[in-house]
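One structure is given below, encoded as structure tokens.
The values are calculated or read from the model by the stated rules, or taken from the named source; none is laboratory data. Small disclaimer: the values here were computed from a predicted structure and weren't measured. Here Cβ is always computed from backbone atoms with ideal geometry, including for glycine, and neighbour counts include all displayed protein chains.
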Amino acid sequence: MLIIGSGVAGLTLAIKLAKARPDLRITITSKSNFSDSNSSLAQGGVAAVMNAVEDSVQRHLEDTLKAGDGWCKPDVVNAVINQGAARIHELISWGWEPDTAPSRKLDLAREGGHSASRVVHSKDQTGQSLISVLLKVVSDFPNVTKLNNWFSVDLLMHEKQCVGASFLNLYSQELSTISAIYTVLATGGAGQVYALTTNPDVASGDGIAIAQRAGANISFMEFVQFHPTALYIKGQKGKAFLISEAVRGHGAELKLANEETFMHRYDERGSLAPRDVVARAISQEKLRTKTPNVFLDCREIQDFETVFPHIYQQCLAHGINPKTEMIPVAPAAHYMCGGIATDLQARTSIHHLFAIGECAYTGLHGANRLASNSLLENLVFAHNCAEDLIPQKFEELKSTNPRLPILSKADVPAEFYQVIQKEIQQIMSANAGIVRRNIELKNALKEMTTLENTLLEITPSLTTMQLHFRCKNLLAVAQLILQQSLLREQNAGGFYKIDNIKKK
Ligand SMILES: Cc1cc2nc3c(=O)[nH]c(=O)nc-3n(C[C@H](O)[C@H](O)[C@H](O)COP(=O)(O)OP(=O)(O)OC[C@H]3O[C@@H](n4cnc5c(N)ncnc54)[C@H](O)[C@@H]3O)c2cc1C
């Protein structure tokens with residue numbers, strides 16, 4: 001049994017399988033260290049209905065459908081939201097200690113688009129606390145092998161069935177394969193395809209590109225979520241620090257440099273409107289005022305440093321004191337709503353290949369993810385996938401004759417790949433951002449084809465293999481976003497194309 005990816009999705013699945021099937025040999029891999037992931041960066045928390053008096057499953061369901069703007073799969077939303085409380089209780093039984101209120105009940109935070117306080121959290125570092133618990137629990141199982149710095153290159157296929165994956169061991173710089181009756185991709189998001197993102201370096205869409213190369217269905221890649229409030233630092237490129245939505249839930253207001261509020265001009269929910277509405281509003285205000293950012297005013301929040309200690313420290317580290325000055329913010333690429341298409345059990349269109357977490361498209365988020373619904377999706381789909389796999393017979397694999405990538409002896413300088421990566425990111429940010437146009441999408445696709453042809457002329461060596469495949473994967477994800485954006489003829493949720501305005 002092979003699980004590629006050690007975020008909340010992959011680790012949860014590994015624990016569940018290891019517990020229920022001590023006879024199985026489970027390998028879980030990560031291309032970096034085990035705590036380097038989108039999961040570790042999650043701040044806000046996990047959305048779930050934990051207070052049946054002031055909240056209900058029906059309300060969470062309606063909020064999710066509303067945010068998804070007509071593109072959620074209602075049966076999936078229903079199945080996921082109904083499991084919320086069970087998954088939180090399970091995490092607590094594994095040792096997770098979310099914040100509690102003085103009443104000793106869970107302290108539930110409110111976030112944009114939610115009609116009730118329902119976000120279970122651990123200060124403003126929920127992801128890190130979850131990952132440390134999951135890593136501790138998984139280490140108790142002798143039948144789980146953890147391989148960090150194992151970069152998955154491609155899937156191994158035999159007669160249209162997935163039979164494992166090929167890897168580059170980044171320690172020894174050796175290529176090898178892991179054969180497996182069942183393989184699960186839990187490789188996370190693809191924010192790195194843009195020049196400014198809240199995602200870490202590892203989020204380069206590898207799983208989506210790998211699955212596409214093997215022939216899996218990839219859907220709804222045009223639905224990229226931009227987080228409205230990443231910390232804006234002049235001249236910054238690459239990874240941007242996130243100022244969680246929970247800060248607005250706690251009373252912060254979006255303002256212009258002259259301290260004027262503007263969100264009420266766009267939505268009656270003001271600063272608490274869903275992400276897509278806020279991101280578009282900020283992008284329009286940036287254009288109107290010809291400034292690169294707006295501001296988040298937290299000065300009225302008395303307990304800022306206690307409720308958001310991590311955000312407070314990060315702001316101070318950048319020379320901004322949220323208690324005395326407004327925080328400069330701008331939108332950044334944040335979450336991939338589309339991905340490898342799966343059913344409710346996380347099965348993909350390829351036999352014996354599953355996908356869970358952010359790399360999967362399940363139908364939960366539709367055109368726009370409701371805040372804190374993604375960690376919930378990770379937990380539920382890891383559970384559903386485990387339920388599907390636990391009763392299976394894990395027969396020995398027949399010999400499969402795995403194909404490893406062809407290698408060159410000559411090295412291409414690393415700078416060559418860095419230039420390609422930068423170009424992909426800049427093209428995507430300029431042409432496939434919050435507001436899109438067909439003409440720009442088409443031009444961007446042409447530029448991607450040129451970059452693809454340049455890459456095709458090069459055979460990587462062992463030293464450049466990871467960089468080569470990183471660029472290849474970023475290119476594949478970029479092309480999917482551009483192609484699927486061109487095909488979408490109706491605006492919805494986070495997707496906004498000028499050409500579609502009259503059609504809406
Ligand atoms: C700053 C930030 C804040 C967020 N806050 C929240 C929040 O409050 N609530 C919420 O619900 N969601 C939040 N999200 C989104 C959420 O964190 C992610 O969607 C979720 O954690 C993804 O989990 P995952 O397990 O699918 O992937 P990840 O956690 O990203 O893990 C991916 C794993 O795959 C591995 N991997 C990738 N490619 C390869 C490869 N080629 N070979 C081997 N291994 C590979 C990586 O090394 C990593 O271990 C936030 C995201 C960010 C970036």
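Taking Arg347, is it in the same structural domain as Ala9 (by TED's automatic domain parsing), within 14 Å of the ligand (Cβ to nearest atom) and more than 14 Å from Gly188 (Cα to Cα)? No.
Among the candidates Asp276, Asp303, Asp267, the residue that is acidic (Asp, Glu) and buried (at least 22 other Cβ atoms within 10 Å of the Cβ) is uniquely Asp276. In the set Thr362, Thr324, only one residue is touching a residue at least 12 places away in the same chain (Cβ under 8 Å) and within 24 Å of Cys162 (Cα to Cα); that residue is Thr362.
Kindly check whether there is at least one residue in segment 157-164 that is within 14 Å of the ligand (Cβ to nearest atom) and hydrophobic (A, V, I, L, M, F, W, C). The answer is no; no qualifying residue exists.
Give me the pairs: first residue in segment 15-40 and more than 15 Å from Leu135 (Cα to Cα), second residue polar (S, T, N, Q) and away from the ligand (no atom under 11 Å from the Cβ), beta-carbon distance under 7 Å, and six or more apart or on different chains, which are they? Qualifying pairs under 7 Å: Pro22/Asn143; Leu24/Asn143; Arg25/Asn143.
Screening segment 21-36 for residues that are polar (S, T, N, Q) and part of a loop (DSSP other than H, G, I, E, B) and picking the one that is surrounded by the fewest Cβ atoms within 10 Å (Cβ to Cβ) gives Asn33. Would you confirm whether or not segment 181-189 contains a residue that is within 22 Å of the chain's Cα centre (by Cα), assigned by TED's automatic domain parsing to the domain that holds Leu316, of a type outside the set (Ser, Thr, Tyr) and over 30 Å from Asp411 (Cα atoms)? Checked against the condition, which is being within 22 Å of the chain's Cα centre (by Cα), assigned by TED's automatic domain parsing to the domain that holds Leu316, of a type outside the set (Ser, Thr, Tyr) and over 30 Å from Asp411 (Cα atoms), segment 181-189 yields no hits at all.
Taken over segment 37-52, the criterion of being within 6 Å of the ligand (Cβ to nearest atom) and part of a loop (DSSP other than H, G, I, E, B) is satisfied by Ser37, Ala42, Gln43, Gly44, Gly45.
For segment 196-219, filtering for residues that are near the ligand (Cβ under 10 Å from one of its atoms) and in a strand (DSSP E or B) leaves 1. Of all residues in segment 220-268, those satisfying the criterion of being more than 15 Å from the ligand (Cβ to nearest atom) and outside any loop (DSSP other than H, G, I, E, B) are Glu253, Leu254, Lys255, Thr261, Met263, His264, Arg265. When Thr64 is tested against (1) closer than 22 Å to Tyr361 by Cα; (2) of a type in the set (Ser, Thr, Tyr); (3) assigned to a strand (DSSP E or B), just one condition goes unmet, and that condition is (3).
Is there a residue in segment 388-397 that is within 16 Å of the ligand (Cβ to nearest atom) and either within 24 Å of Lys237 (Cα to Cα) or in contact (Cβ under 8 Å) with a residue 40 or more places away in the chain (or both)? Scanning segment 388-397, I find no residue that is within 16 Å of the ligand (Cβ to nearest atom) and either within 24 Å of Lys237 (Cα to Cα) or in contact (Cβ under 8 Å) with a residue 40 or more places away in the chain (or both), so the answer is no.
Taken together, Pro402, Pro460 contain a single residue that is touching a Gly at 6+ places or on another chain (Cβ under 8 Å), surrounded by 15 or more Cβ atoms within 10 Å (Cβ to Cβ) and either modelled with pLDDT of 95 or more or outside the structural domain of Arg213 (by TED's automatic domain parsing) (or both), which is Pro402.
All of Val193, Val153, Val184 fail the test of being among the aliphatic types (A, V, I, L, M) and either modelled with pLDDT under 95 or near the ligand (Cβ under 10 Å from one of its atoms) (or both), apart from Val153. Going by the conditions given, is Ala18 within 15 Å of the ligand (Cβ to nearest atom), assigned to a helix (DSSP H, G or I), of a type in the set (A, V, I, L, M) and not assigned by TED's automatic domain parsing to the domain that holds Phe308? Spelling it out, it is not the case that Ala18 is within 15 Å of the ligand (Cβ to nearest atom), assigned to a helix (DSSP H, G or I), of a type in the set (A, V, I, L, M) and not assigned by TED's automatic domain parsing to the domain that holds Phe308. Residues that are buried (at least 23 other Cβ atoms within 10 Å of the Cβ) number at least 1 in the following strands (runs of 3 or more DSSP E) confined to segment 120-170: 150-158, 161-169.
For every residue, the table says whether it meets (1) hydrophobic (A, V, I, L, M, F, W, C); (2) out of contact with any strand residue (DSSP E or B) (no Cβ under 9 Å at 6 or more places or on another chain).
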| site | (1), (2) |
| --- | --- |
| Ala9 | yes, no |
| Pro22 | no, yes |
| Lys31 | no, no |
| Ser35 | no, yes |
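Looking only at residues of segment 321-335 that are surrounded by 20 or more Cβ atoms within 10 Å (Cβ to Cβ) and among the β-branched types (Val, Ile, Thr), we find that the one that is nearest to the ligand (Cβ to nearest atom) is Val329. When Asp75, Asp99, Asp69, Asp23 are checked against the criterion of being within 16 Å of the ligand (Cβ to nearest atom) and either among the acidic types (Asp, Glu) or touching a Gly at 6+ places or on another chain (Cβ under 7 Å) (or both), a single residue qualifies: Asp99.
The residues of segment 368-397 that are of a type in the set (S, T, N, Q), part of a helix (DSSP H, G or I) and closer than 17 Å to Ala20 by Cα amount to a single one, Asn384.
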